[in-house]
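Trainee: Let me give you the structure first, and then I'll get to my questions.
The values are calculated or read from the model by the stated rules, or taken from the named source; none is laboratory data. Predicted model, so just to flag it, every value in this text is computed and none were measured. Backbone-built Cβ (ideal geometry, glycine too); neighbour counts: all protein chains shown.
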Amino acid sequence: MKIGLVASGDLRESANVTCWPAQRAMEEKLAAVLAGLGHELVRQHPVKPGGHGFIASQREGMDIFARMDPDLPLIVAEAVWQYSHHVLPGLSSHKGPILTLANWSGEWPGLVGMLNLNGSLTKAGIGYSTLWSETFEDAFFRSRLAEWLETGRIVHDVSHVSALDAIDLSAADRELVDRLAARIRRDKVILGVFDEGCMGMYNAIIPDELLMRMGVFKERLSQSALYHATRQVPDNEATAVYHWFRDKGLRFHLGQDGASELTEAQVLDQCRMYVAAVRLADDFGCDAIGIQYQQGLKDLLPASDLVEGTLNNADRPPVARADGSVIRAGAPVPHFNEVDECAGLDAVLINRVHSALGEPVETTLHDLRWGDVDRTGGRDDFVWVFEISGAAPPEHHEGGWSGSESYRQPPMYFPAGGGTLKGYAKPGPIVWSRIYVEGGKLKMDIGLGEAVSLSAEETERRSRATTHEWPIMHGVLKGVTRDQMMARHKANHIQVVYAGSAANAERCLLVRAALAGELGIEVYRAGVEPIE
C-alpha cells in the first residue's frame, strides 16, 4: 500500500534549511519501517533546490493537496517547528486517514510542532490519529503504527482524565468562586491582542463568541502600534530599565557583532519595548496582553522575550504614567507568548485565583518541548523539559533575577537579535493546565505536578539537547504518563504556576477549576490522585 507523506515547515527559510537534515533523517527511518511492513512511503512534494523539503506557505500547501489523491492514507511527519496553517486547509478536505507523527527528540521542536497541529485539527473538527517515537523500533510505536495501517485510526490510553462536573469546595472557597465569577461578568476582562494567528497557530485563537459569554473580550491591537510606541520611549527611560536589570543581578552575555551576538543596543531596544508594552496595556485597560513578534516585529525590533518574562514577574522595573503614578506596582502584567489566547485566558484566571488565595501569581506558558529519564540516575521518574523562548518570569528561576541570564536569541529565528530570559526553574509544587477549543466549546485540562531539581550535568545535557539560550522547567506530572500526555494534550503549550505547598496546589487547582466551570468551560482533571 502507498502511504503519502507531507512535511509542514517554517515560514522562515533560515529555519527550514537549518532543520532539514533532522527531518530528512526521520523520514528515512520512517520509510524503512514502512518498507519492512510492505508499504511504500511516497513524498507528496519534492525537496527544493533551495535545500529543504518543507511546505513553506499556506498557498504552497493548498496547491500540493489539490494535486493529491484525497483518499490516500497520509502521514504529516514533523521533526521541526511547523506552521499549521500551511497544511490545515488541505487536511480539512482530505478524506483518507491522517496520522500526525513526530520524532522523540529535543533538537528541534518537532514534538511542539506536532502538538500544535493536533490542537489545530481538534479545534477544526478534522479527524486524525497521532504517534511519536525516538527510534521507530519500540513496541509502542510499532503496535500503534500497525493499528493505523490496518484500521485508519489509533486509540490511545487516556484513562488518566476525568470530567470535573462536581467540585467539593469549602463554603469559603465556593463563595470566592462566586465572587470572582460575578466580578468577571460585571466588570469584564480584556485580552490585549497584538495581531492574531502567530505562526499559523489556529489552535491559539479563541472565537469571540466563546469569550463573550463569560465576560471576556479582545482589544485588537496592532504590532505597528507597539513598534511606534517603542520608538517613542526616551533613552533615559530605557537606560533606567537596563540598570534596574543589572542591579537585580541579571547577567547579559554581551558582544559586539549584532548579527550573531547580543549587543547593548539590542537590550536597550527591548527595554523600550517593555516600557511601551506596559503603557499600552494600561492605556487600553488590558488584563493581559499577547505580542505576536515572530512575524512582522522580528524584522523591526529585537526579540520580545525578555520583555515578556519581565511582564510576567511581580518584581519588575517600574513604569510611570504621565502623572508620575506607577502602573500596577508590585504586580505582573500577564503576557501570553505568541498571542496564545488560550494561555492568556488561563493566565487571567490564575491571576485572579492566586491573588485571592495569597499564592504566587507569576505564571507562564512553556512549550511541551521534550522529556527523558534522568540519565545521571538522580531520579527514577520521567522528567519533562518545559521550555519557552524566554517568557518565563525570573520568580520561577532558582535565584530569581540574580539566577537568570540573557543570551542572544538564535539568529535563524530572530534576525534582529535580542536577549532571552534564561534560568532553571526552582523546585516546588505546580499546577499545570491547558484551555483549548473542541467541538465549538472551551475546555480545560488541569493537573498537579512538580518542578524538580536535577544535577548540573543532567541539566546541561537537557539544555544542550534543546535550545541552550532558553529557560527550562524540569517538570514531573502527577498521575500522567508520557504517552498519556502526548495522546491527550491539545496544544504545543502548557501553562504552569507554582503554589506554596502541595496542599495549596490542590486547593488552587480546585478553585480555578470551579471558576472555569462557573464561567462555562468544561473542565477535566488529568491525573486523578492529588499530591500526598
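Trainee: For the range 440-482, what are the residues that are surrounded by fewer than 17 Cβ atoms within 10 Å (Cβ to Cβ) and closer than 30 Å to residue 212 by Cβ?
Mentor: Once the filter is applied, which keeps residues that are surrounded by fewer than 17 Cβ atoms within 10 Å (Cβ to Cβ) and closer than 30 Å to residue 212 by Cβ, the range 440-482 yields 440, 441.
Trainee: Tell me, which residue of the range 101-123 that is in contact with a Cys (Cβ under 9 Å, 6 or more places away or on another chain) and among the small types (Gly, Ala, Ser) is surrounded by the most Cβ atoms within 10 Å (Cβ to Cβ)?
Mentor: Filtering the range 101-123 for residues that are in contact with a Cys (Cβ under 9 Å, 6 or more places away or on another chain) and among the small types (Gly, Ala, Ser), the one surrounded by the most Cβ atoms within 10 Å (Cβ to Cβ) comes out as 110.
Trainee: Does the range 409-424 contain at least one residue that is in contact with a Cys (Cβ under 9 Å, 6 or more places away or on another chain), of a type outside the set (Phe, Trp, Tyr) and either closer than 30 Å to residue 272 by Cα or touching a residue at least 12 places away in the same chain (Cβ under 8 Å) (or both)?
Mentor: Yes, the conditions are met somewhere in the range 409-424.
Trainee: Working carefully through the options 5, 37, find the one that is out of contact with any helix residue (DSSP H, G or I) (no Cβ under 6 Å at 6 or more places or on another chain), of a type in the set (A, V, I, L, M) and farther than 21 Å from residue 116 by Cα.
Mentor: Exactly one residue qualifies, and that residue is 37.
Trainee: Ok, one more. Report yes if some residue within the range 186-202 is touching a residue at least 40 places away in the same chain (Cβ under 8 Å), surrounded by fewer than 19 Cβ atoms within 10 Å (Cβ to Cβ) and touching a Phe, Trp or Tyr at 6+ places or on another chain (Cβ under 7 Å); otherwise report no.
Mentor: Within the range 186-202 (the criterion being touching a residue at least 40 places away in the same chain (Cβ under 8 Å), surrounded by fewer than 19 Cβ atoms within 10 Å (Cβ to Cβ) and touching a Phe, Trp or Tyr at 6+ places or on another chain (Cβ under 7 Å)), the answer is yes, since at least one residue qualifies.
Trainee: Looking at the range 498-519, I want the residues that are outside the structural domain of residue 396 (by TED's automatic domain parsing) and have a partner that is surrounded by fewer than 23 Cβ atoms within 10 Å (Cβ to Cβ) with Cβ atoms under 8 Å, at least 6 apart or on another chain. Which pairs are those?
Mentor: No pair meets every condition.
Trainee: Another question, if that's okay. Across the range 439-481, which residue is farthest from the chain's Cα centre (by Cα) among those that are of a type in the set (S, T, N, Q) and not in a loop (DSSP other than H, G, I, E, B)?
Mentor: Among those residues, the one meeting the criterion is 459.
Trainee: Please count how many residues of the range 242-268 are touching a residue at least 60 places away in the same chain (Cβ under 8 Å) and either within 24 Å of the chain's Cα centre (by Cα) or closer than 21 Å to residue 471 by Cα (or both).
Mentor: Adding up the residues that qualify gives 15.
Trainee: A further question follows. So, of the residues in the range 298-343 that are closer than 20 Å to residue 284 by Cα, acidic (Asp, Glu) and under 17 Å from the mean Cα position of the chain (by Cα), which turns out to be surrounded by the most Cβ atoms within 10 Å (Cβ to Cβ)?
Mentor: Going through the qualifying residues, I end up with 308.
Trainee: Okay, moving on. Quick one: in the range 255-283, of everything that is exposed (fewer than 15 other Cβ atoms within 10 Å of the Cβ) and not charged (D, E, K, R), which residue is nearest to residue 301 (Cα to Cα)?
Mentor: Per the criteria, the residue is 265.
Trainee: I want to confirm something. Restricting to the range 11-26 and keeping residues that are charged (D, E, K, R) and farther than 28 Å from residue 40 by Cβ, which single residue is surrounded by the most Cβ atoms within 10 Å (Cβ to Cβ)?
Mentor: Across the range 11-26, the extreme among qualifying residues is 12.
Trainee: Hey, another quick one. Of the conditions (1) out of contact with any helix residue (DSSP H, G or I) (no Cβ under 6 Å at 6 or more places or on another chain); (2) assigned to a helix (DSSP H, G or I); (3) in the same structural domain as residue 510 (by TED's automatic domain parsing); (4) touching a residue at least 60 places away in the same chain (Cβ under 8 Å), residue 180 clears all except one; give me its number.
Mentor: Looking at each condition in turn, residue 180 falls short on (1).
Trainee: For the range 143-171, enumerate the residues that are touching a residue at least 24 places away in the same chain (Cβ under 8 Å) and in a helix (DSSP H, G or I).
Mentor: Listed by number, the residues that qualify are 145, 146, 148, 149.
Trainee: Mind checking which residues of the range 125-157 are of a type outside the set (Phe, Trp, Tyr) and either surrounded by 17 or more Cβ atoms within 10 Å (Cβ to Cβ) or at positive phi (or both)?
Mentor: 125, 129, 130, 131, 133, 144, 145, 149, 152, 154, listed by residue number.
Trainee: Find all pairs meeting these conditions: Cβ atoms under 9 angstrom apart; at least six residues apart or on different chains; first residue within the range 368-379 and without any contact (Cβ under 8 Å) to a residue 12 or more places away in the chain; second residue surrounded by 13 or more Cβ atoms within 10 Å (Cβ to Cβ) and of a type in the set (Val, Ile, Thr).
Mentor: Pairs that qualify, where the first residue is without any contact (Cβ under 8 Å) to a residue 12 or more places away in the chain and the partner is surrounded by 13 or more Cβ atoms within 10 Å (Cβ to Cβ) and of a type in the set (Val, Ile, Thr), are 373/383.
Trainee: Further, regarding this structure: Could you tell me which of the residues 231, 272 is of a type in the set (Lys, Arg), within 27 Å of the chain's Cα centre (by Cα) and not in a strand (DSSP E or B)?
Mentor: Details: 231 fails: within 27 Å of the chain's Cα centre (by Cα).
The unique qualifying residue is 272.
Trainee: If you don't mind, another one. Kindly indicate whether any position in the range 322-337 is in a helix (DSSP H, G or I) and either modelled with pLDDT of 95 or more or in contact with a helix residue (DSSP H, G or I) (Cβ under 8 Å, 6 or more places away or on another chain) (or both).
Mentor: Yes: the range 322-337 contains one or more residues that are in a helix (DSSP H, G or I) and either modelled with pLDDT of 95 or more or in contact with a helix residue (DSSP H, G or I) (Cβ under 8 Å, 6 or more places away or on another chain) (or both).
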